[in-house]
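Notes follow once the structure below has been shown.
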Amino acid sequence: MFRTAVHPGLWEHKGKVAAVGVGHQGTARRWDGTAENSVGAWSIAACRKAIADAGVNPADIDGLVLDTTTTTGAHWPAGREIPMDVVAKFNQTDDPLDGIAKLSGEWIVKNMPELTNVKYIMTGPGCMSACIVVAAQAIGDGLCHTSLVLKSWHNLDGRYYQGGANAEPTISGPAKWTNPWAGPASLGTATQFQRYMYKYGKSHDLMAPFMQNSRHNGLLFPEGYWAQHRPEELPAEDYINARWVAKPANLFDNDIPIMASAAYLFTTAERARDLKQKPVYILNHASDNLKARGFGGFPTLEECETACENVGTRLFEGAGLKPDDLSFENMYDGFSLFHVFHLEGLRSHGIGKGDALDAFKGDISINGPFPISPSGGNVGSGRTRFWKHTDCIQQIQGRAGARQMKLPANVGVSGGPMPTGGNFTVWGSSPD
Amino acid sequence: MELSGGRFLISFDIDGTLELGDPPGRITTEMVKRARDLGFLVGSCSDRSATSQKAIWERMNMEADFISLKHMLDDVKQRFDMHRYLHIGDRDLDQMFAEQAGFDFLWEHEAYTEPWLDWLNGAGGPIAGQP
Ligand SMILES: [Mg+2]
């Protein structure tokens, strides 16, 4: 399912799978406790929008790929009462939190009666990036021919990443080997970036143009959190002055947790021809499985760089393309600092190791020669890990609205969520 | 303006503290205006950017006497020579930065009864929530 060999060869399904429809629902900073704004309700809405957008008959859908987890840091607190009035508004599975703080394929099918022919249900663990890879391979392999690809996020009141094991006074269980020094979630990336700055003689403030550009692009994403709720640009001064969360990762380098749902409609290239929107062809997918040698499985900068470089090699070789064939890139940015590693791993448009921060001084906007993160990513629209994928589809379809890049959007790349262990996709306007 | 009992400064956190914060707190715009009208220096001290804090004050239709990042609260103390400094917030970090900067601190849930109004009567004792 996952293409992890360093030289996996041309993808056998290159150009034979296409994304057609896009549906978004949300956003909100936190769940308001109502049934209509539950993660389940928003997931249904996003799926229905994707179906309508593609113009596909729901009865023709035979696949559903989704991530069954809907948070990384807002787990249902032990002992908190489950709102059974909300649960009762939906067709239930045997887990009352299904549709509230998690999401099974069974729950979706039970609550979307129009999906009468779904036979293939599969998990893309942790991220839309994984769901896309799984769905693309499944359709290519003939396990299904038309699939919804769904990723949803809930968020609860209270602080992110402060519950569960993190609320305990001591570390126990397997985490005692991997998290001995505590610290916030961005500690690992901050450590890698510190090493990066030392290695290449750079400074954190050089990130400012990227952050400014990302927020600006995010404000042009009507589905995003900042565009909807806090339409604030991020001037360099605001970014540079922000409090350190884990130096050199500041508040803005850490993405803001939100609620939102996104669904895509994938099908075979052949079926896509008859649908409502222009097909966006999947030219390849690639994943990383590098195992860090260091204590606690904590990757070093050099391991990150190797992983990103391997992913770049895999992506382009498997798509039969060269790095400079990329029209734009939407690699992951939550945490923002590792966008640098992802970007350099692509080795596109002259940006190699140690070059990204200098590249940010140039025109990286949607009007420039090689738009960097035209989606705005998590920096621009909140923590969902899916804006980048939506943007790849919309840019190539010519439906990115105010974010539409000036030059033709022929080939894009997106993926994440980490420099080591992520899943990545090459998208094209042409199947060839 | 010299108040009865001295010159006072109140710093408000935004999210979880002010009613315009996200999540909303119990400190209303009316309370902030009342303090201002009575001669307190009022401003915000938040993890929100300066741009974002300014937008909040515009929504409150007020001009802040100061706007500060949360970790820069000690700069506020250096800028203004006052008899008392108070920060109000809803997180441990608010308490930590307030203590480090030499401010009194009130949790949002202790502050919405406007205990600072007692200062106008020359009440110089500890404010609610302080030892
Ligand atoms: Mg607060």
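The values are calculated or read from the model by the stated rules, or taken from the named source; none is laboratory data. Being a predicted model, the structure only gives us computed values, none of them experimental. Cβ atoms come from the backbone with ideal geometry, glycine included; neighbour counts cover every protein chain shown. Just so you know, the surface numbers come from the protein's heavy atoms only, side chains and all, with ligands and any DNA or RNA stripped out. Shrake-Rupley method; radii C 1.70, N 1.55, O 1.52, S 1.80 Å.
Assorted remarks:
- Meets criteria (touching a Phe, Trp or Tyr at 6+ places or on another chain (Cβ under 9 Å), basic (Lys, Arg) and within 15 Å of the ligand (Cβ to nearest atom)) for B:Lys70: yes
- Yes/no for A:Ile364 being over 15 Å from A:Phe221 (Cβ atoms) and touching a residue at least 24 places away in the same chain (Cβ under 8 Å): yes
- Residue match in segment A:153-165 (condition: outside any loop (DSSP other than H, G, I, E, B), modelled with pLDDT of 95 or more and closer than 30 Å to A:Val118 by Cα): yes
- The residues in segment A:239-248 that are assigned to a loop (DSSP other than H, G, I, E, B) and either crowded, with 24+ Cβ neighbours inside 10 Å or within 12 Å of another protein chain (Cβ to nearest Cβ) (or both) can be counted, and the count is 3.
- Inside segment B:104-129, residues that are outside any strand (DSSP E or B), within 16 Å of the ligand (Cβ to nearest atom) and either of a type in the set (A, V, I, L, M, F, W, C) or at pLDDT 95 or above (or both) make up a count of 4.
- Flag if A:Lys176 is of a type in the set (D, E, K, R), in a helix (DSSP H, G or I) and surrounded by 15 or more Cβ atoms within 10 Å (Cβ to Cβ): no
- Here the condition is being more than 14 Å from every other protein chain (Cβ to nearest Cβ), away from the ligand (no atom under 12 Å from the Cβ) and within 15 Å of B:Trp107 (Cα to Cα); of B:Thr28, B:Thr17, it holds for B:Thr28 alone.
- Checking each residue of segment A:71-91 against the condition of being crowded, with 23+ Cβ neighbours inside 10 Å and either out of contact with any strand residue (DSSP E or B) (no Cβ under 8 Å at 6 or more places or on another chain) or at pLDDT 95 or above (or both) gives no match.
- Checking each residue in segment B:32-52 for being in contact with a Pro (Cβ under 9 Å, 6 or more places away or on another chain) and away from the ligand (no atom under 15 Å from the Cβ) picks out B:Ala50, B:Thr51.
- If you check A:Ser147, A:Ser186 for being small (Gly, Ala, Ser), in contact (Cβ under 8 Å) with a residue 60 or more places away in the chain and under 23 Å from A:Glu305 (Cβ atoms), only one passes: A:Ser186.
- Residues of segment A:47-85 that turn out to be outside any loop (DSSP other than H, G, I, E, B) and polar (S, T, N, Q), as a count: 1
- Residue count, segment B:31-81 (criterion: in contact with a helix residue (DSSP H, G or I) (Cβ under 7 Å, 6 or more places away or on another chain), within 14 Å of chain A (Cβ to nearest Cβ) and hydrophobic (A, V, I, L, M, F, W, C)): 5
- Members of segment B:2-14 found to be acidic (Asp, Glu) and near the ligand (Cβ under 10 Å from one of its atoms), listed by number: B:Asp13
- Boolean, A:Leu251 is surrounded by 15 or more Cβ atoms within 10 Å (Cβ to Cβ), within 14 Å of chain B (Cβ to nearest Cβ) and within 19 Å of A:Lys388 (Cα to Cα): no
- Set side by side, the residues B:Ala64, B:Ala98, B:Ala55 differ, and just one is touching a residue at least 12 places away in the same chain (Cβ under 8 Å) and either more than 14 Å from the chain's Cα centre (by Cα) or away from the ligand (no atom under 16 Å from the Cβ) (or both), which is B:Ala64.
- Set A:Glu223, A:Glu237: member being in contact with a strand residue (DSSP E or B) (Cβ under 6 Å, 6 or more places away or on another chain) and of a type in the set (Asp, Glu): A:Glu223
- Filtered residues of segment A:31-46 (kept if open to solvent by less than 50 Å² (accessible area, probe 1.4 Å) and part of a loop (DSSP other than H, G, I, E, B)): A:Trp31, A:Gly33, A:Thr34, A:Ala35, A:Asn37, A:Ser38
- Residue in segment A:226-238 that is part of a helix (DSSP H, G or I), within 22 Å of A:Met405 (Cβ to Cβ), more than 10 Å from chain B (Cβ to nearest Cβ) and not acidic (Asp, Glu) present: yes
- In segment A:216-225, the residue that is farthest from B:Leu93 (Cα to Cα) out of those that are within 14 Å of chain B (Cβ to nearest Cβ) and assigned to a helix (DSSP H, G or I) is A:His216.
- Residue check for A:Leu150: away from every other protein chain (no Cβ under 14 Å) and either assigned to a loop (DSSP other than H, G, I, E, B) or closer than 30 Å to A:Gly26 by Cβ (or both): yes
- All positions within segment B:94-103 that are surrounded by fewer than 21 Cβ atoms within 10 Å (Cβ to Cβ) and either in contact with a Phe, Trp or Tyr (Cβ under 6 Å, 6 or more places away or on another chain) or modelled with pLDDT under 95 (or both): B:Gln95
- First in segment A:284-304 and under 26 Å from A:Asp325 (Cα atoms), second anywhere and aromatic (Phe, Trp, Tyr) and open to solvent by 30 Å² or more (accessible area, probe 1.4 Å), Cβ under 7 Å, 6 or more apart: A:Ser287/A:Phe2
- So A:Arg195, is it surrounded by fewer than 20 Cβ atoms within 10 Å (Cβ to Cβ) and modelled with pLDDT of 95 or more: yes
- Within segment A:254-282, if we keep just the residues that are open to solvent by 10 Å² or more (accessible area, probe 1.4 Å) and of a type in the set (A, V, I, L, M), the residue that is nearest to the other protein chains (Cβ to nearest Cβ) turns out to be A:Ile256.
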